Amino acid sequence: MSPIRVSLGWKRLLRDAGLVIGLSALVLLLYDIGWAWNYSYGLLHAACIGDRASLAERGFASDAVTFHSRAGPLLRGWFARGSDHPDIAIVVVAGQASNTRYALDDAEIMARSGFSTLIYENRACADPPLEASTGYWESYDLLGAVDYLKARPDIHHVGVWGFSAGGTASLLAAPQDPAIEAVVAMGGYSSLKADILDEDQNLRPLDWLGRRFIVVAMGIQLGVPVEASSPIDHVAGISPRPLFLIYGEYEAGNGRALYAAAAEPKQLWIVPGAGHGGYLAAAPDEYRARVPAFFNQAFGLSK
């Protein structure tokens, strides 16, 4: 065989190998993009969890209410008038895509402490095509709830207590409206982008790339860049109003980062032995005591 034919054969082989490698890389890239898009869609279009329960089943008379989010949707909820401090309303905001069923435990704590309470459905429950946005659009829903309370002649003070996406919503909403006089936020991320990228992990190349595709895909689907959902950039704006951050031992990084970024007055409770949402189970007596005590102090109450 002539040297020319051998050379041409090797060139053809290298060209074909390069084509296969290039096509394989393209397939993996397209797979990563599709996975990122579907992951983002599934997270942002989570199905509503639970029913629209009220504190009536816990022994507290509750009135059905409706109000508009500042982002537009009509939301339904329940207002329970407090026994000792009826003019102070605590808005209790549940987590991602959660209905009022998942706000009852915390709302009951406030009701037993004599405060008025407002709980309301997540936007994913009100209108399933709406994004359950992990906190960004929920902050506008919370501001709509605050608008509703401000319009009531019997309510003179408002506090908020949010968990997970509800905690993120609370941290994003409070700097925008001084009518929110005290904030308890539990278990939310400090930055959506940082939460997605998770730079502390030693990720494989495709995972590293996929997370960056999620950042882009989620921004497109949210309608705003994910950087807009970054409580750590805004939490200092809650001051001089008091802030109480509650995080479990196994999710404490976000709590510590937010506490460091917040201005006084502020408190941080890292619940020993607790993960995301396990605070009441891990420390039931302290949990039931510390949050009402925070609001009592915030509103200048004696007990």
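The values are calculated or read from the model by the stated rules, or taken from the named source; none is laboratory data. This one's a predicted model, so the numbers in the text were calculated from it and none came from an experiment. Here Cβ is always computed from backbone atoms with ideal geometry, including for glycine, and neighbour counts include all displayed protein chains.
Overview of results
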read-out	value
Residue that is closer than 17 Å to residue 187 by Cα and either at pLDDT below 90 or not basic (Lys, Arg) (or both), where the choices are 238, 246	246
Flag if residue 80 is hydrophobic (A, V, I, L, M, F, W, C), crowded, with 21+ Cβ neighbours inside 10 Å and within 16 Å of residue 169 (Cβ to Cβ)	no
Verdict on residue 130 being surrounded by fewer than 24 Cβ atoms within 10 Å (Cβ to Cβ) and hydrophobic (A, V, I, L, M, F, W, C)	yes
Condition check for residue 80: assigned by TED's automatic domain parsing to the domain that holds residue 292, within 26 Å of the chain's Cα centre (by Cα) and touching a residue at least 60 places away in the same chain (Cβ under 8 Å)	no
In the range 236-246, the residues that are outside any helix (DSSP H, G or I) and not small (Gly, Ala, Ser)	240, 241, 242, 243, 244, 245, 246
The range 208-254, subset over 30 Å from residue 286 (Cα atoms) and aromatic (Phe, Trp, Tyr), residue surrounded by the most Cβ atoms within 10 Å (Cβ to Cβ)	213
Selection status of residue 130, under 20 Å from residue 254 (Cβ atoms), at pLDDT below 95 and within 18 Å of the chain's Cα centre (by Cα)	no
In the range 39-70, the residues that are surrounded by fewer than 17 Cβ atoms within 10 Å (Cβ to Cβ), at pLDDT 95 or above and assigned to a loop (DSSP other than H, G, I, E, B)	51, 59, 61
Filter pass, residue 164 being at pLDDT 95 or above and either on the phi > 0 side of the Ramachandran plot or not assigned by TED's automatic domain parsing to the domain that holds residue 107 (or both)	yes
Residue within the range 247-260 that is outside any helix (DSSP H, G or I) and closer than 15 Å to residue 170 by Cβ present	yes
Whichever residue in the range 130-154 is small (Gly, Ala, Ser) and in contact (Cβ under 8 Å) with a residue 24 or more places away in the chain and, among such residues, is nearest to residue 165 (Cα to Cα)	135
